[in-house]
Each structure stands twice: as C-alpha cells, then as structure tokens.
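Single-structure report; data block below.
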Amino acid sequence: MLYFSPLKAAAILLTALLVCLCAVPNFLSERTFQKLPRFAQRQIVLGLDLQGGSHILLEVDSAAVKKEKLQNLLDDVRRTLREARIPYTGLAVRGDQVEVRASANQQQALSKLRELSQPLGGLLSATGQRSLEINEGGGGLIQLRITEAALTERIRQAVEQSIQIVDRRVNELGTVEPSIQRQGVDRILVQVPGLQDPTRLKEILGKTAKLTFRLVDVTGSLEEAMAGRPPPDSEVVYGTAKEGKHPYLIKKQIMVSGEDLTDAQPGFDQRTSEPIVSFRFNTNGARRFAQVTQENVGRPFAIVLDNEVISAPVIREPILGGSGQISGGFTVEQANDLAILLRAGALPAPLTIIEERTVGPGLGQDSIAKGKIASYVGSVLVVVFMFVTYGVFGLFANVAVAVNVAMIFGILSLLNATLTLPGIAGIVLTVGIAVDSNVLIYERIREEVRHGRTPITAIDAGFTRALATILDSNITTFIAAAVLFFIGTGPVRGFAVTLGIGIVTTVFTAFTLTRLIVAYWVRLWRPRFVPI
Amino acid sequence: MLYLLIAVVLAVAAVLCALVVLGVIPHLRLVPDDTRFDFMRFRRISFPISALLSMLAIFLYFYHGLNFGIDFIGGTLIEVQAKSGAADLAKMRATLNGLGLGEVQLQQFGAAADVLIRVSQQPGGEGAQQAAVAKVRQALGDEVDYRRVEVVGPRVSTELLAYGTIGLMLAIVSILIYLWFRFEWQFALGAMIANVHDLVLTIGFMSVTQIDFDLTSIAALLTILGYSLNDTVVIYDRIREMLRRFKRMSMPELLNISVNSTLSRSIITHVTVTLALLALLLFGGQAIHSFTATMMFGVVLVGTYTSVFIASPILIYLGVGTSRLATAEPEGDTKTKPAKAST
C-alpha cells in the first residue's frame, strides 16, 4: 500500500497538477485570458443566480399549431373538391379531424383527397407513414385525420423555427451573450445574463408578429358583420387599443404578408416627424403589392399585425417601388420593436412564458460575497479542527483537501460548467466528504496501532481497509448526485455537478495523493510511533 | 459584527494550532479509545421513539403541511430592496393588497430594506401570472430595486413536483440496488428503512418549522439521503468485516463492537460537516438559509442517530448472521484477511 514506483508517483502528481492548472484561467484578467491559446480558454461560467440576469422558459403553443394545421387541411379539401368540380356538403373541422360529405360521388372524392396525404420524412424515408389518415363512412361521409407522426413532425418544425426567430429577436435587442436552447419537446429556454428588467424582452417574445396587408371590404355592411353575419370572404378585425379598438371589415384574402419583407427599419415620417417603420418587399411581394394597389386606387387597405389593425390608409396612388412605411401613432421604442419583429419574422405559433426567474446584479454580487465568506470560514474551521485532531497527519489531510478543491475548480473550468449558489454549497459539502475520507483512514490507523501493530504495518493496514469503505460510501453518495443531475434543472443541477465532481476528486486524492504524501513521510522520517 | 465574529474564530483557531504545535495539548480525541458503549440495548427505546416520531412527522405532513414554495405550487416571488433604506411594510402591503391579486404575502427578508413578496398563483393560466408581475411592478414603481423576480406557471410547477418526487424515489431505489449487490439483501433493506426514516423525520422538521419547501429542498433531501447512507455504509462495512472475522460472536455484541469502533470516525466526520454547515448557515446569506438549515437537521441530528440506533440494530431483526451460527467454524480466525481494496 505504501510503495509507489517513481513512475506512478510522477503520474499521480502530474495528474493532480494538470487538473489544478485548469483552474488558473479563472483568476486571470480579461486581457491575459484572451492571450491564452484557444484550447486553454476555458472558464467556469457563473450561473444567472450569481451574475444576475433573466431566465425565461417559453412554450410553443402546440394546440395552436394543431388548429392551424387543421384549418389548412380544411382549405386544402375545399380547394381540391372545387377544382375537381365535386359537389360536397358539411365541410367542417370536428374535434381533431376534418369532415366532408360527397354523397353523389364519394369514391371520386376519396381518390382526389388521398392525393393530399403525403409520405412523411421526404421521398427517401422508408417508414411508410403518411401525413393523413382518411376514412369513409356511410352517406358519402369522408373523415380526414392528421396522423400523430405528422403532427409531431409539424410541432418539431414549429419549435425549430421558433428557436431561430427567438434567437434573431433576442440578438437584435443587443443583449450580451444570450443563450437560447430547446428544452424537452416544445419548450425554449432563453437565458440573458445581466438583464435586469425583462419586460421589454418578454413583450418582444410574446408577439407572434404575423403581418398581413389586406384590402378593406367597402361593399359589405360592417353592422351586419358585427351582428355575426359577415360576408363569406371577409371578417371583422379591430384596431389597436390606442385607436379605441375601432372595428374594420377586412377581406380574408391576403395581398402580401410579412414573409415577403426583406427589410424593416425604424425611422421618422419626413412631414409629420412621427415615428414610423419603413419596409421593403422582395421581388415577389413588390410585384403583387404593385398590382393590387394599381387596381384599388382610392380604396383603403389595412395593415394587420397579430389580428389587430395598425392602420388602414387609403391607396392614393399605385405603390410600384416595392417599399413603404407603416405609421400607427407609435412611440420611438414601439417603432423600434416593430422593426425588430418584422426583420426577425413571424413565429409559427404563439409562445407562452411558463417560467421566469430574474436576478438583479446586486443580489448576485451579495450571494458571491456571502458564499466566499462562508467558504473561507468553513475551510478555516475544518482545517484547524483537522490539525488539532491529527497533528501532522491533519496537515496532510488539509493539503489533500486543498488540492481537492483546486481540482474541482479545474474540472469545472475544463467542462465550462456553470457555478450556481447551491453549487458553492456543494463544494463546501465536498470539503466535508473529502475530510471524511481522511478521517476514515486515520481512525483505522489509530485502531491498528491500538491492536499493537508496528507503525508501518498499521499505516498500511489502515489504508487498505479504509479505502474499501471510502469507495463504498462515495459510490452511494455519487448515485444520489447522479440522480439529482438527471432530474434537476438550473441551480439544483449545478449542485449535483459540483457534488459529483467533488466525489470523484475525493476518491482520487484519497487513493493516490494522501497515500503518496504519507508514503514519502514514512520514507523520510522512518517513524518509531505514529503521531496521529 | 460579522467581521468581529470572523476575527474571534480566527484568533481561537490560531491559539489552538499554536498549542498543538508546541505540544502543550495532545491531539484531540473526541471519543476515548476504549469506548464500549452498549448501543444495542437502546434499541428497545430508540425503535419506539423513532416509530412515534415518524408517525408524528407523517401526521404533521398531512395535517400541518409543508410550506410549499412557488416552485411546486406556482405563483410569483419578488424580492425587493427599498431605495430609501428601510422598507415601509405596512404601506407596501396596503398598496399590493389593493391590486386584487388575491393573497399577497410580505415578509422582511434579512436586512430592514429587503422585502420578500409572494403572490399566489393567479387563476387563468400562464399569461395571468405575467400580468400579475406587471401589476406589482407598476404599483411599487421606482421606490425599490428588484433583486429577484421568479414566476412559475401552473404547468411547470406540477412538473417540478413530479420530477422531484420521482427523483427521490429513483435515488432510493438505485442506492438500494447498489447495496444489494455489495452486501446482502438484509443490509440493503436495513439501509432503506433507515433512510426513509431520515427523510420522513426531515420532512416533519420542515413541516414544524414551515421552512420554504422548494427545489433546493429536494436537493437538500437528496444530500441528506447520500450522507446518511454514507454513514450507514461505513458501519455496515465494519459489520460485514466483523461477521467474517468472528463467526461465533453473538449478533448484539458484534454490532456493538462495530458501532463502537467506528464511533470516533462518525463523530469527527460529523463535527467537520457541522463546522462547514455552520459557516454556510451563519454567513451564506438568506438564499441558501433553508437549504443549510434542513441539511443541518437531516445530516447532523438525524443521520448520525439513525446509523447508530436504527440502521445497525435493525440487522438483528432482519436476521443477519443467523445462518452463520448454524455453520459455525472454530473461534479465533487469525488469518484476518483484509477486505480487498483496489490498487
């Protein structure tokens, strides 16, 4: 137990030294850190609870995705049957399927509608799954159901798209190092370090930003429509709250939508110096906008954002240049935000904020300061206690514990791990566990000495027996840490990480470093009794 | 005040070290070498007491309840600091209760300027919670700094509670399986009973003190589980070793020797853990206060007691060592083969 070949001793010391060295980048100034080679630029990241910032968990509204998908299917069915000139009745969404009756020629309708069902996953996929499940019933009834696989696929796409759009929006806000990650099936975690008041961020994330340019229906009656009898191809849309929620009768058909925008910038109207957003269409959008405005000079059109009419100007002359501006009594900030939203694009489905945790910078600094004091005091108490109890062996233990903590910081840096407040608590507790491993060894040595063994055999037997116990007890604690890591989120996970790493380094130091120190001490002093 | 305390601690520490170095005081021995305490006799007292306390804890859990934080029941938690120095709690309470947000709790949190505001979960789903925060922010205006804002919606809170419970169960089961492989099944069962006992008592403690029960409490419970097992495993390891060495010793005697010979280690280790926890409790600040308080109770008070007074004697009832006596070998097994260690 006490013999180490020089090679093994060198390997142990080198490993400990290397891991400890990994902690060094944390203590360098920003400029020195930047000078390090790329592979060495690894630092512990402070969690949002320590450095302050906002943590926002968003959920993609999968019900809305499903509803939209059903609505699209309904439109497809209508178009298909009309094009094939098949008479139908009772086309509607019922529950989670679309139903239609084609009593006269059901089979013809069926074969046409089957063309709507696409194989999933592109042409190359061999799963054989299709996007629709089509059933026929009596009396010409046809039921179309979107398959579970198709729906999951659509939600996955929607989440992917949403992440990209959220990413663009958050980055446009000019925040520092935001992190946007997918979490679970339909969730997006946005973390913005240093953000104190997330009100604006939340406003920007909470908007779908679906922009459409549509004509105002001037032939239909607004009163009739508001009484619940709108013309078939028009609907009632209300204006913004600022305008007093004025109702408009607006055509359902979309002239141009936000997808056709290539750029949007905030600015000021040259005449009224009111804040505006100027935009530019792509070629396709510009052509269609030019065509519609040419045909409808003198009539009003509406700019609709998220089912709210922002403004409904009258077309004075054809707009041929492919650019325009939106004015809606904005404040400067609103114009700014709208431009950001239009540039980033519309979300495929609304996002709901289901969790928010914001820590101000003051609290984070306080926590770090308090964590530091607690760690120092705790360490001093433990170090002194060990020394008082075990004398020179206590000193060895303290060296081992110090190396242990340095190694934890080294590994945390290597992993670019996040240090949270419970994480600091985990480190302090590791000090306790690390000390325990030494206590186990020393108590065992004391016992062996009491049984009348010579110093060297006592030390040897003490290590041999204690190490088996140390391994057993640490594995059990490690299991608890592992479970915490897998089920925990945020701060709790940080705790699990430091505890788990701490257990690994503890076992390492107990099995190698402490033993090595004691072995060298025995070799140098040739003790006649064990001063323990 | 804080620095004075630190200075005193350091001074005492320095004096102690100096005394040890000079050889004036010998090394500290918290447990005398020849301790032969009859722990097993106490099982007739400790078992009924533990059973009673466990039942009390379960009763408290159901009839007094835990002070669930927003992590598990949803709602909003806002920590503010008054800019003027001291917070006017009464005025703030009046303002916030006038918002029509249901129950709004205010609580002094540490210093006089710090106030913790709790708004219960708003009916109307996820969006309603956000609206509530906006209202509070508007009502309090610029008089305060927002140090922390946490909003947990109904869906997330349900999941967090489920994950927390599943996590605890999973941890217990996986540890049990590990112990079953390393020891005999009786040890695994004994350790599990001891652990569940620890968790139940800790939950009882949390119910009595009405400490915030949030995500970090789950972390605390899991750590208590790990530590208490750590302690139990150390004693079990010794018991296993003794079982191999002394084939004819009576079970209570064998257990007594095992517990006594690991007693010094148990106490020294717990003193160090207590010292570390004490530092966290006194200087770690409010944010981890409930975490450390729970740990203190679970690890220091219950964990130690359990491994000595519950986990060890229960092995007698679970029938450890009964088969051993039947196939008894002659006493005095001198070839004390040490447990095999790696390397």
Against the definition (closer than 19 Å to residue A:521 by Cα and facing chain B (nearest Cβ under 9 Å)), how does residue A:371 come out, yes or no?
no
Looking only at residues that are among the hydrophobic types (A, V, I, L, M, F, W, C) and at the interface with chain A (Cβ under 10 Å from one of its Cβ atoms) in the range B:135-158, which one is surrounded by the most Cβ atoms within 10 Å (Cβ to Cβ)?
B:151
Could you pull out the residue among B:225, B:221 that is modelled with pLDDT of 85 or more and not polar (S, T, N, Q)?
B:221
Filtering helices (runs of 4 or more DSSP H) wholly in the range A:1-94 for at least 1 residues that are within 14 Å of chain B (Cβ to nearest Cβ) and not aromatic (Phe, Trp, Tyr) gives A:6-21, A:48-51, A:62-83
Which one is farthest from the other protein chains (Cβ to nearest Cβ) among residues in the range A:489-532 that are more than 45 Å from the chain's Cα centre (by Cα) and in a loop (DSSP other than H, G, I, E, B)?
A:526
If you check residue A:62 against the conditions, is it polar (S, T, N, Q) and within 23 Å of residue A:210 (Cβ to Cβ)?
yes
Residue list for the range B:251-275, filter: under 19 Å from residue B:229 (Cα atoms), in contact with a helix residue (DSSP H, G or I) (Cβ under 6 Å, 6 or more places away or on another chain) and not polar (S, T, N, Q)
B:255, B:259, B:265, B:268, B:270, B:273
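Would you mind finding the one in B:29, B:36, B:41, B:93 that is in a helix (DSSP H, G or I), surrounded by fewer than 13 Cβ atoms within 10 Å (Cβ to Cβ) and not hydrophobic (A, V, I, L, M, F, W, C)?
Exactly one of B:29, B:36, B:41, B:93 is in a helix (DSSP H, G or I), surrounded by fewer than 13 Cβ atoms within 10 Å (Cβ to Cβ) and not hydrophobic (A, V, I, L, M, F, W, C), namely B:41.
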Which condition number in (1) part of a strand (DSSP E or B); (2) more than 14 Å from chain A (Cβ to nearest Cβ); (3) modelled with pLDDT of 85 or more is the one that residue B:54 fails?
(1)
Does at least one position in the range B:293-309 carry a residue that is modelled with pLDDT under 85, surrounded by fewer than 20 Cβ atoms within 10 Å (Cβ to Cβ) and assigned to a loop (DSSP other than H, G, I, E, B)?
no
Select from the range A:379-393 the residues that are buried (at least 23 other Cβ atoms within 10 Å of the Cβ) and more than 18 Å from residue B:9 (Cβ to Cβ) and write down the one among them that is farthest from the other protein chains (Cβ to nearest Cβ).
A:393
Going by the structure shown, is residue A:476 within 7 Å of chain B (Cβ to nearest Cβ) and over 24 Å from residue A:365 (Cα atoms)?
yes
From B:250, B:264, which residue is surrounded by fewer than 23 Cβ atoms within 10 Å (Cβ to Cβ), within 12 Å of another protein chain (Cβ to nearest Cβ) and out of contact with any Lys or Arg (no Cβ under 7 Å at 6 or more places or on another chain)?
B:264
Filter result for residue B:60 (more than 13 Å from chain A (Cβ to nearest Cβ), of a type outside the set (S, T, N, Q) and either under 28 Å from the mean Cα position of the chain (by Cα) or surrounded by 12 or more Cβ atoms within 10 Å (Cβ to Cβ) (or both)):
yes
Every residue from the range B:5-24 that is loosely packed, with under 13 Cβ neighbours inside 10 Å and either touching a residue at least 24 places away in the same chain (Cβ under 8 Å) or within 8 Å of chain A (Cβ to nearest Cβ) (or both):
B:5
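Matching residues to (1) in contact (Cβ under 8 Å) with a residue 24 or more places away in the chain; (2) surrounded by 20 or more Cβ atoms within 10 Å (Cβ to Cβ):
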{"residue": "A:294", "(1), (2)": "yes, no"}
{"residue": "A:304", "(1), (2)": "yes, yes"}
{"residue": "A:327", "(1), (2)": "yes, no"}
{"residue": "A:339", "(1), (2)": "yes, yes"}
{"residue": "A:343", "(1), (2)": "yes, no"}
{"residue": "A:377", "(1), (2)": "no, yes"}
Residues of the range B:170-196 that turn out to be farther than 18 Å from residue A:471 by Cα and of a type in the set (S, T, N, Q), as a count:
2
Single condition residue A:251 does not satisfy, out of (1) among the charged types (D, E, K, R); (2) within 24 Å of residue A:172 (Cα to Cα); (3) touching an Asp or Glu at 6+ places or on another chain (Cβ under 6 Å)
(2)
Taking only the range A:86-117 into account, find how many residues are farther than 24 Å from residue A:63 by Cα, among the aliphatic types (A, V, I, L, M) and without any contact (Cβ under 8 Å) to a residue 24 or more places away in the chain.
0
Being more than 20 Å from residue A:333 (Cα to Cα), exposed (fewer than 15 other Cβ atoms within 10 Å of the Cβ) and hydroxyl-bearing (Ser, Thr, Tyr) is the requirement here; does residue A:219 meet it?
yes
Of the residues A:176, A:170, which single one is in a loop (DSSP other than H, G, I, E, B) and either of a type outside the set (Asp, Glu) or modelled with pLDDT under 80 (or both)?
A:176
Which residue is farthest from the other protein chains (Cβ to nearest Cβ), if the candidates are limited to the range A:174-212 and must be of a type in the set (A, V, I, L, M, F, W, C) and under 25 Å from residue A:281 (Cβ atoms)?
A:211
If you check residue A:461 against the conditions, is it among the small types (Gly, Ala, Ser) and buried (at least 24 other Cβ atoms within 10 Å of the Cβ)?
no
Pairs only if they're at least six apart or on different chains, beta carbon under 8 angstrom, first in the range B:159-182 and within 7 Å of chain A (Cβ to nearest Cβ), second surrounded by fewer than 13 Cβ atoms within 10 Å (Cβ to Cβ) and among the β-branched types (Val, Ile, Thr); list them, first residue then second.
none
State the number of residues belonging to the range B:231-252 that are farther than 25 Å from residue B:270 by Cβ and charged (D, E, K, R).
4
Residues of the range B:279-322 classified as within 10 Å of another protein chain (Cβ to nearest Cβ), at negative phi and touching a residue at least 12 places away in the same chain (Cβ under 8 Å), total:
10
Residue that is touching a Gly at 6+ places or on another chain (Cβ under 8 Å), assigned to a helix (DSSP H, G or I) and more than 28 Å from residue B:270 (Cβ to Cβ), where the choices are B:72, B:59
B:72
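The values are calculated or read from the model by the stated rules, or taken from the named source; none is laboratory data. Keep in mind that this is a model prediction, so the values were computed, not measured. Reconstructed Cβ throughout: ideal geometry from the backbone, glycine too, with neighbour counts over all protein chains shown.
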